[in-house]
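The structure appears right after this line, and notes come after that.
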Amino acid sequence: MRDSSFIGVMTVVAVAALVPLASVGAAQPAAPEPGASAEVQWEVPRTADGRPDLQGVWLSNTATPLQRPPAFAERDRLTEEEVATLAARADRIFRNGRSAFTTPEGAFFAAVNDVDTYEAQSTSSSIGMVDLEFTDRTSLVVDPPDGRIPALTPAAQAREAEVDRGWDEKTGPEDLNNIHRCITTGVPRLGGNFGAGPYTFYQIVQTPHVFALVSEAFHDARLVPLDGRPHATERIRQWNGDSRGRWEGDTLVIETRNFSPGSYYRGSAEGLHLVERLTRTGPDTIAYRMTLTDPTTWASPWTAEIPLKRRDQPIYEFACHEGNYSIVGMLRTARIADAAREAGR
């Protein structure tokens, strides 16, 4: 998917591969086991029915890039010194009052490059950006081991090309996908801007029979049955799929299938099979791991993990769709551009 909000970020990404940290070749510490926690003397809080209590407001604000940058090659971890250096650089860059707003991933690469001011095609200032969490991970993708999303199939490449064509031409609202039309960013929320991953606030409510995952951005509310009922028939397709949950020990597992042909997640649509796992790892942390499988889209399944941090604050309405003014503006601008081309300007 092409999105003008990512142009500045991708420019920095391209440069970052050439300008690694000075200590990029340093020996890396041993990787902790998945889901391991540094917390001591802590027990998982539980609901009245004995299940882990996942309720509350949680924020995904990790600066770790979705895919491992070439600058870090086979390294899946940074040293403590590198993490501290990146955090200090990001604080300097995005608190100076001159830098543009960016995604957490954009902030990561700006810190890697140690730029003076982050510049991008954005009308928003970095002042007021959600604080970032730098960790020792070099990618959110944890499998394959190289930290990269597997290659797209020819069919997926064709779907992406069609989305790009629609964004370029904008002959009508049908040319724009669900994100640009403010319908939904899809699930899972992983990578990107406007709450499509990092900078995502969630509110979790659970009962013995239903798990609710409410996202602040695009105000999606996922209601996941936990009572063992079967999935809906394959004839029933939904933009965010049909989800069912179950407990495996202290981990909540959510399996989602039956996505709509009108869905769009990194080239995937009705072929997507998603398995999410949420595990409490500390008093204020949840490990949120997701595995995506779609043979029509990727050469192999892949898994990513994001840390969620508890926040003592409410979530607010994200009224992206009211009046749909952005669609009107984008289509009008496209017609102005068409007229200019026809006039030879």
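Tabulated results
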{"quantity": "Filter result (open to solvent by 70 Å² or more (accessible area, probe 1.4 Å) and touching a Lys or Arg at 6+ places or on another chain (Cβ under 8 Å)) within the stretch 151-178", "calculated": "Asp168"}
{"quantity": "Any pair with Cβ under 9 angstrom, 6 or more apart, that starts in the stretch 170-183 at a residue that is within 11 Å of Ala334 (Cβ to Cβ) and ends at one that is at pLDDT 80 or above and of a type in the set (Phe, Trp, Tyr)", "calculated": "Asp175/Trp167; Leu176/Trp167"}
{"quantity": "When residues of the stretch 212-231 are limited to those that are hydrophobic (A, V, I, L, M, F, W, C) and at pLDDT below 80, the one farthest from the chain's Cα centre (by Cα)", "calculated": "Phe218"}
{"quantity": "Restricting the stretch 191-211 to residues that are under 16 Å from Asn240 (Cα atoms) and at pLDDT below 80, the residue that is surrounded by the fewest Cβ atoms within 10 Å (Cβ to Cβ)", "calculated": "Gly195"}
{"quantity": "Filter result for the condition that a residue is under 20 Å from Ala217 (Cα atoms), at pLDDT 95 or above and crowded, with 17+ Cβ neighbours inside 10 Å, over Ile254, Ile286", "calculated": "Ile286"}
{"quantity": "Criterion: open to solvent by 70 Å² or more (accessible area, probe 1.4 Å) and either more than 13 Å from Ser268 (Cβ to Cβ) or more than 15 Å from the chain's Cα centre (by Cα) (or both) - qualifying residue of Pro301, Pro314", "calculated": "Pro314"}
{"quantity": "Residue within the stretch 111-120 that is in contact with a Gly (Cβ under 9 Å, 6 or more places away or on another chain), outside any helix (DSSP H, G or I), open to solvent by 10 Å² or more (accessible area, probe 1.4 Å) and more than 26 Å from Thr285 (Cα to Cα) present", "calculated": "yes"}
{"quantity": "Residues located in the stretch 136-150, provided they are outside any loop (DSSP other than H, G, I, E, B) and either open to solvent by 20 Å² or more (accessible area, probe 1.4 Å) or not hydrophobic (A, V, I, L, M, F, W, C) (or both)", "calculated": "Arg137, Val142, Asp143"}
{"quantity": "Residue satisfying all of: in the stretch 57-74; over 20 Å from the mean Cα position of the chain (by Cα) and either modelled with pLDDT of 95 or more or aliphatic (A, V, I, L, M) (or both); surrounded by the fewest Cβ atoms within 10 Å (Cβ to Cβ) among these", "calculated": "Ala73"}
{"quantity": "Residue list for the stretch 238-274, filter: closer than 17 Å to Thr291 by Cβ and among the aliphatic types (A, V, I, L, M)", "calculated": "Leu252, Val253, Ile254, Leu272, Leu274"}
{"quantity": "Residue selected from the stretch 99-110 under the condition touching a strand residue (DSSP E or B) at 6+ places or on another chain (Cβ under 8 Å) and outside any helix (DSSP H, G or I), by the criterion nearest to Lys309 (Cα to Cα)", "calculated": "Phe101"}
{"quantity": "Thr64 of a type in the set (Ser, Thr, Tyr), assigned to a loop (DSSP other than H, G, I, E, B) and within 27 Å of Thr291 (Cα to Cα)", "calculated": "yes"}
{"quantity": "Candidates Leu223, Leu213, filtered to the one that is touching a Lys or Arg at 6+ places or on another chain (Cβ under 7 Å) and in a strand (DSSP E or B)", "calculated": "Leu213"}
{"quantity": "Exclusive hit being among the β-branched types (Val, Ile, Thr), closer than 18 Å to Leu59 by Cβ and touching a residue at least 24 places away in the same chain (Cβ under 8 Å), set Thr117, Thr103, Thr138, Thr153", "calculated": "Thr103"}
{"quantity": "Residue check for Leu278: of a type in the set (A, V, I, L, M, F, W, C) and crowded, with 21+ Cβ neighbours inside 10 Å", "calculated": "yes"}
{"quantity": "Filtered residues of the stretch 78-102 (kept if surrounded by fewer than 17 Cβ atoms within 10 Å (Cβ to Cβ) and either basic (Lys, Arg) or touching a His at 6+ places or on another chain (Cβ under 9 Å) (or both))", "calculated": "Arg92, Arg95, Arg98"}
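The values are calculated or read from the model by the stated rules, or taken from the named source; none is laboratory data. Bear in mind that the values here come from a model prediction, so they are computed numbers and not experimental data. Please note: Cβ atoms are built from the backbone with ideal geometry, for glycine as well, and neighbour counts cover all protein chains shown. Side chains are part of the model used for accessible areas, which takes the heavy atoms of the whole protein and leaves out ligands, DNA and RNA. Shrake-Rupley method; radii C 1.70, N 1.55, O 1.52, S 1.80 Å.
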